[in-house]
Amino acid sequence: MPYHLISIGISAYSNPANNLDFPDSDAGELSAIMRHSLGSDLTYDVLLRDSEVTQIGIRTALGADDLKNASASDTLIIYYSGHGAVVQNNNGIEAYLAPYDVSGNVAISGISTSEIKALLDDFKHGNKIVLLDCCYSGGANAKSISHIKHKDLTNIKAFQNQTYAEGTFVFTACKEDETAIEVQDLKHGLFTYELIEQLVKGGGENVALSSLHDPVTKAVESTAKKYSHTQTPTIQMNAKGSMSLPKLSKPPVLKPELIKVPTLAGQNPPAMLAPQIDISDKRTQELVQTSISLVEGASKSKLGQIAFRSTLGKILAAVKEVHTSQNKNVRTVDEVTALLANLEAKSFQLMLTAAIASVAGNEQTLKIFSEEVAQIFVWKRGQAGTVAAIETSDVIILAVLYIVFVCSIYMDDYMPIGKLLNTQVYDPYRGRSGTYQRIAQHYEIHYADALGGNAKTVMQHMVDLLTSQEWLQELLGVDKEKLTDLITQANLCLNVIMSREGDHNYPGYNDYELSHVAPIVNRIRTDFATQMSIGKYLLNAKPEQVPQIFAEQVTKLNHTSGGHWWRYLKPEAFTQEIDPADY
């Protein structure tokens, strides 16, 4: 049964005075649960957060052809958490959803109840599920309550008092004369937290939507009462029979007790050493928890950002010490591989932090991380010794870059890798006296003299290195094969970015078999949220231009390389659906 998901959450508004705490993470968690549980049945999947939630972004997501062409067996799920407003217009008093850049004229810049209802009515052939953890600006003085923040003002009356088309289920956070709240102790909007708890509680194979009301309402009322607040979720349902969702579950999350001490280079080619990391289980747990706490702190306060930058500096200093103290005595190939293995082992916490910052950090956190990691580029300058030994630091840059890219592709959010690739680093080899270049323009992200300067070897080493990290598989909830596919997709995107920067790669990378790269190719072709994120953070292009850019660069690379290593990926796959039989 096909499902279509639009999950929207706005915590950070263009006007910081409107900011909330948890809508963006609430939307992300609900999206992750649906992706994990529905798998390939989730045929349309859009996650919009913070600055992505513009009026045009919402309307584009709601008006996609996938929704217009739905069949009787399809189910549309819309989740929204963020501010809204109640406005007097020609229809009386009407509720509006407030986009990221909402202006003082909400009737012009917002999304009205009437518009949402019209969409639901147009989705004639399947079921519609609407989940609203709404807030309306003005009214209650939420900041005077230390434990909670109101999603302020009066009601979501316009969403409740409607006659919806058959097959519609609307679940709202509170009654028309109440306010919805966020609870700091839960790190969620109260309604969303209890809703998710009930959705994943399990029991049968399906979750009857009508069964959600009583337990969610009782839990919300009880918790709200502890904070001297009244909040009563409500449902509106128009269905001949029962409406349900399949059994849902949360994806695996990174927990210290799940992480095993990894062998960092355990699956390298025979010439590469595979040292065990000298770290106890207890220490591993401390590293994980420290990384999580640092990223969370950096996302919330300037003091946290200072602590995050300071700790990153110490982590990098420890890795640099290995690099500078050992490369002076390296003369043979075996000694180079030993140095590289030691560097990779010493970089465990750096790689762990890269992954956690990617999946949990905000833009400021990723900016700090990228600025600190970029300093690795300068380690080798002015050093004496064997070239391959000096350049072992490039492999650490590559490992961090691929981890961030893999996490970005997995989350379908390209802000983390965009922040890293667009960070400026001084390059003394460009121009007569050197110049500042973005990381995306540095050849080191494609080649590494420590690995023989061969692009294919670099790619294989990244696969071997990252798939040996069991904690990374656990963090993303993927197996080794799926992680390998994500690495291959990251490699494809890097080739396109490199080509667009004016450089070209030589034949040697993996052949891109459609089964390995189809997920990213299909999203680039059909998914507006993917196009918007890649366009904004990686290509500086409009969403509608992204598929054509990929097609053009693949065509260019195909000609440059003689065509043999692109034979499994046709340029037109980015702009039109291709029959796998044609490959």
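The values are calculated or read from the model by the stated rules, or taken from the named source; none is laboratory data. Note that the structure is predicted; figures quoted are calculated from it, not measured. Methodologically, a virtual Cβ is constructed for each residue, glycine included, from the backbone with ideal geometry; neighbour enumeration extends over all protein chains shown.
What about K320, is it of a type outside the set (A, V, I, L, M) and modelled with pLDDT of 85 or more?
yes
Checking the condition closer than 21 Å to M243 by Cα and either in contact with a helix residue (DSSP H, G or I) (Cβ under 7 Å, 6 or more places away or on another chain) or among the β-branched types (V, I, T) (or both), which residue from L131, L62 passes?
Values: L62 fails: closer than 21 Å to M243 by Cα.
The unique qualifying residue is L131.
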*asked:* Could you go through the stretch 452-462 and let me know if any residue there is part of a helix (DSSP H, G or I) and at pLDDT 85 or above.
replied: yes
Just to be sure, is S228 among the small types (G, A, S), loosely packed, with under 15 Cβ neighbours inside 10 Å, in contact (Cβ under 8 Å) with a residue 12 or more places away in the chain and out of contact with any Leu (no Cβ under 6 Å at 6 or more places or on another chain)? no
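Based on this model, can you work out whether L199 counts as modelled with pLDDT of 55 or more, in contact with a Phe, Trp or Tyr (Cβ under 6 Å, 6 or more places away or on another chain) and not acidic (D, E)?
Values: modelled with pLDDT of 55 or more: yes; in contact with a Phe, Trp or Tyr (Cβ under 6 Å, 6 or more places away or on another chain): no; not acidic (D, E): yes.
So L199 fails the test.
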Flag for P23 being at pLDDT 90 or above and in the same structural domain as V130 (by TED's automatic domain parsing):
yes
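Does G167 satisfy the criteria of being buried (at least 18 other Cβ atoms within 10 Å of the Cβ) and modelled with pLDDT under 90?
Values: buried (at least 18 other Cβ atoms within 10 Å of the Cβ): yes; modelled with pLDDT under 90: yes.
Yes.
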* **Residue check, A180 small (G, A, S), under 25 Å from D21 (Cα atoms) and modelled with pLDDT of 90 or more** => no
Within the stretch 482-500, the residues that are over 17 Å from L398 (Cβ atoms), of a type in the set (A, V, I, L, M, F, W, C) and surrounded by fewer than 22 Cβ atoms within 10 Å (Cβ to Cβ) are none
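Given the criterion out of contact with any Gly (no Cβ under 7 Å at 6 or more places or on another chain) and not in a loop (DSSP other than H, G, I, E, B), identify the matching residue among E221, E166, E176, E182. Even if it seems obvious, please write down each step before you answer.
Values: E166 fails: not in a loop (DSSP other than H, G, I, E, B); E176 fails: not in a loop (DSSP other than H, G, I, E, B); E182 fails: out of contact with any Gly (no Cβ under 7 Å at 6 or more places or on another chain).
Sole residue among the options that is out of contact with any Gly (no Cβ under 7 Å at 6 or more places or on another chain) and not in a loop (DSSP other than H, G, I, E, B): E221.
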Item to complete: Return yes when Q198 is assigned to a helix (DSSP H, G or I) and assigned by TED's automatic domain parsing to the domain that holds I129 and no when it is not.
Response: yes
Filtering the stretch 2-18 for residues that are within 19 Å of G189 (Cα to Cα), touching a Leu at 6+ places or on another chain (Cβ under 9 Å) and not aliphatic (A, V, I, L, M) leaves a count of 4
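Yes/no per residue for (1) at pLDDT below 90; (2) within 18 Å of H461 (Cβ to Cβ); (3) among the hydroxyl-bearing types (S, T, Y):
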position	(1), (2), (3)
V478	yes, no, no
Q489	no, yes, no
V496	yes, no, no
N505	yes, yes, no
N510	yes, yes, no
V517	yes, no, no
T530	no, no, yes
I534	no, no, no
Result of the Cβ filter at 9 Å on the stretch 181-196, keeping first residues that are surrounded by fewer than 18 Cβ atoms within 10 Å (Cβ to Cβ) and partners that are polar (S, T, N, Q), at least 6 apart or interchain, is Q184/S146; L186/T223; K187/S25
Within the stretch 323-340, of all residues that are crowded, with 20+ Cβ neighbours inside 10 Å and either under 14 Å from F369 (Cβ atoms) or not polar (S, T, N, Q) (or both), the one modelled with the lowest pLDDT is V330
